[in-house]
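The values are calculated or read from the model by the stated rules, or taken from the named source; none is laboratory data. Fair warning: this is a prediction, and the values are worked out from it, not measured in the lab. A quick note on method: Cβ atoms are made from the backbone with ideal geometry, for glycine too, and the neighbour counts reach across all protein chains shown. Ligands, DNA and RNA are excluded from the accessible area calculation, which covers all protein heavy atoms including side chains. Shrake-Rupley method; radii C 1.70, N 1.55, O 1.52, S 1.80 Å.
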Amino acid sequence: MGRGEGVFLLCAVVLSCGGAPAPDRAPLTGPDPWATTLALPRVTDRAPDPRVVEIDLEARVGEWELSPGRRVRAMTYNGTVPGPTIEARAGDTVVVHFTNRLEEPTTVHWHGLRVPANMDGGPHSQPPIAPGGTFEYRFTVPDAGTFWYHPHVHEGVQMERGLYGAIVVRGEREPRADAEGVLLLDDVLLGSDGQLAPPGDLLEQHNGREGGVSVVNGRADATLALRAGQRQRWRIVNAGSARFHRLSLPGHRFTVVGTDGGLVPVPRAVDELLLVPGDRVDVLVDGVGAPGSATTLRTLPYARGHGAGLTQPVELLRVQYAPEPAVPLLSAPGPGPAIERLSAQGVTPREVTFNERVDRERERVVFLINNRSFPDVPDLVTRVGTTEVWDLVNESEMEHPFHLHGFFFQVLSRNNTPEADVTWEDTLQLRGHERVRIAFRPDARPGHWMYHCHILEHVDNGMMAAVQVTP
Ligand code: C2O
Ligand code: CU
Ligand code: CU
């Protein structure tokens, strides 16, 4: 049995045993739609205990094949870009024996996982792992959802050069689908030598890098197979440096069943998705196209301030229908788990501002949180169990993808308009001159937790800070 078939059978089994309402029809079986160009490496779990996922992970220089014959020097986890997908069930213990074989220090951050502070890989939680050094990451994964991992040192270089991978945590009840898979979106900039370009000029430092080669699961020539009538679950991760992905699949809709923090209470069908850097979304896609037809997942133009952003659509992924006749479509998914709305009542919101300034002397742009730049931004201090309400205020025209480590938050309002849906998020879009009110309640994991903009050049230029959660 090939690797692809293994993934497919596993999905079919996991997705059919959810205690969900009786299926409209039996799950479709067939070849894995993610085979060949979209296949992601899996990793050997060496723990005999089924509730422990224990793996080896090594950061090292390697080759990245963007498309057949087109190879660039890259930084890899276990030799591939993206790195292996880490799969677990909610409540499992994950142990990662990490070795740094790069020539520079690095760490691993588990974006979206509610891990203890000393396992978070951020600049306050652990000193960078020196070349040749090792570290054992050990934590439990409490939440089902789609997450990802990446370094938290020289992000603009290490992530751009290929250090990232997906984490899939499955729960007891998952929406029914015939197949599921991860789509990691990225874009790279090649220099005149055909290799990944080194960090760029002032404009790139300001706008963030958007590269000319778009890749899905590391490949510029990716194709996904779909059967007419089939329902697929796409776990989409925006792993790019700066691109805002406004996704569209002509002739199809996306039914959003999950966001950063897992399943949403009310699935919604939409024509477009917006994923800012760092964001995830879980969608169901029904094969409403004709057998044998094809379409393309694309990113539409998006202006994110100061002239930055895509001005032309970009094709990401060819979606090819099999010639086999259509099977009946499944009915719309039922509601997801309820989420209790956090209340801002009686809480004085803290204001957190985002801005920028040009440092003419040193010819660089400096990105600011509360008018200071990392590491000089004073910590916010709170206590375990306290409801925190923050007003994120963008004082600049440029949009910033805000990300909080360690805890999921709810968006309460945008520019004083209450948010209709209650969801758990760790990454959000902060538009130019927008005020977004969020709330979160730190559980019993004290420590320093980073919050920052997820445009990598903005992190590198200071748009990062920490909230200190005391016991
Ligand atoms: Cu993907 Cu500090 O985060
Ligand atoms: Cu993170
Ligand atoms: Cu930013």
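Cut-off 15 Å, label point 7 angstrom out along Cα-to-Cβ of Glu395: give me the residues of segment 335-355 whose amide nitrogen falls inside.
So the set is 351-355.
Can you give the calculated 222 nm mean residue ellipticity of the chain, where each DSSP H run of n ≥ 4 adds -39,500 (n - 2.57) and the sum is split over every residue, rounded to the nearest 500 deg cm²/dmol?
So the helix-based figure for the chain works out to -1500 deg cm²/dmol.
If you count only protein heavy atoms and use a 1.4 Å probe, how large is the accessible surface of Ser293, to the nearest 10 Å²?
For Ser293, the solvent-accessible surface is approximately 40 Å².
Mind giving me the nanometre distance, one decimal, between the label points for Glu340 and Arg383, set 7 Å out from Cα along Cα→Cβ?
Inter-label distance under the simple model: 1.9 nm.
Report the equivalent ellipsoid semi-axes for segment 262-362 in whole Å, largest first, defined as the square roots of five times the eigenvalues of the gyration tensor built from alpha carbon atoms.
For segment 262-362, the ellipsoid semi-axes come out as 37, 27, 8 Å.
Just for segment 350-470, what percent of DSSP beta bridges are antiparallel, to the closest 5?
Around 80 percent of the beta bridges assigned by DSSP in segment 350-470 are antiparallel ones.
Please determine, in degrees from 0 to 90 and to the nearest 10, the orientation of helix 3-16 with respect to the longest principal axis defined by the Cα atoms of the chain, where the helix direction is its Cα long axis.
Rounded to the nearest ten degrees, it is 90.
What is the packing order of peptides 64-72, 44-52, 270-278, taking the mean over residues of other C-beta atoms within 10 Å and listing the highest first?
Going by the mean number of other Cβ atoms within 10 Å, highest first, we get 270-278, 64-72, 44-52.
Taking the dipole about the Cα centre of the chain, with the C-beta of Lys and Arg at +1 and of Asp and Glu at -1, give me whichever of Thr382, Pro291, His306 is farthest to the positive side.
Comparing the listed Cα positions along the dipole, Pro291 ranks first.
Could you work out how far apart the two model spin labels at Asn415 and Arg441 are, taking each label as a point 7 Å from the Cα in the direction of the beta carbon, and quote it in nm?
3.1 nm
In debye to the nearest 20, how big a dipole does the chain give about its Cα centre with +1 on each Lys and Arg Cβ and -1 on each Asp and Glu Cβ?
Charge dipole, the chain, about its Cα centre: 700 debye, nearest 20.
So if each residue of separation counts as 0.36 nm, and I subtract the Cα-Cα distance between Glu104 and Asp376, what length gain in nm does that give?
That works out to 95.5 nm of additional length.
Given a 1.4 angstrom probe, what's the average accessible area per residue across the chain, in square angstrom?
39 Å²
State the answer as a single residue: which of Leu196, Tyr321, Pro401 lies farthest towards the positive end of the charge dipole of the chain, with beta carbon charges of +1 for Lys and Arg and -1 for Asp and Glu, about the Cα centre.
Tyr321
Counting only protein heavy atoms and a 1.4 Å probe, tell me what percentage of segment 29-174's accessible area is made up of carbon and sulfur.
50 percent
Whole Å is fine, so just give me how far the alpha carbon centre of segment 131-189 lies from that of segment 320-371.
First find each Cα centre; the distance between them is then 17 Å.
Within the set of other residues whose C-beta is less than 11 Å from the C-beta of Arg341, count the net charge using Lys and Arg as +1 and Asp and Glu as -1.
That sum, taken over residues with Cβ under 11 Å, equals -3.
I'd like the carbon and sulfur percentage of the solvent accessible area for segment 182-321, probe radius 1.4 Å, heavy atoms only, ligands and nucleic acids excluded.
53 percent
Considering the dipole of the chain built from charges on the beta carbon (Lys and Arg +1, Asp and Glu -1) around the Cα centre, which of Gly112, Ala239, Thr259 is farthest to its positive end?
Looking along the dipole axis, the top candidate is Thr259.
In segment 96-197, what trypsin sites (Lys or Arg not before Pro) fall in a loop by DSSP, with at most 13 other Cβ atoms inside 10 Å?
Nothing satisfies the criteria.
Test of understanding: what is the full-extension gain from Glu63 to Leu190, defined as 0.36 nm times their sequence separation minus their Cα-Cα distance?
44.3 nm
Going by a ≥ b ≥ c, the root eigenvalues of the Cα gyration tensor, does the chain fall in the rounded group (a/c under 1.5), the prolate group (a/b larger than b/c) or the oblate group?
Note, shape of the chain comes out rounded.
Where both partners of a DSSP beta bridge lie in the chain, what percent of those bridges are antiparallel, to the nearest 5?
Percentage antiparallel, nearest 5: 75.
Just to be sure I understand the model, the point goes 7 Å from the Cα along the line to the Cβ. What's the resulting Ala332 to Val288 distance in nm?
1.2 nm
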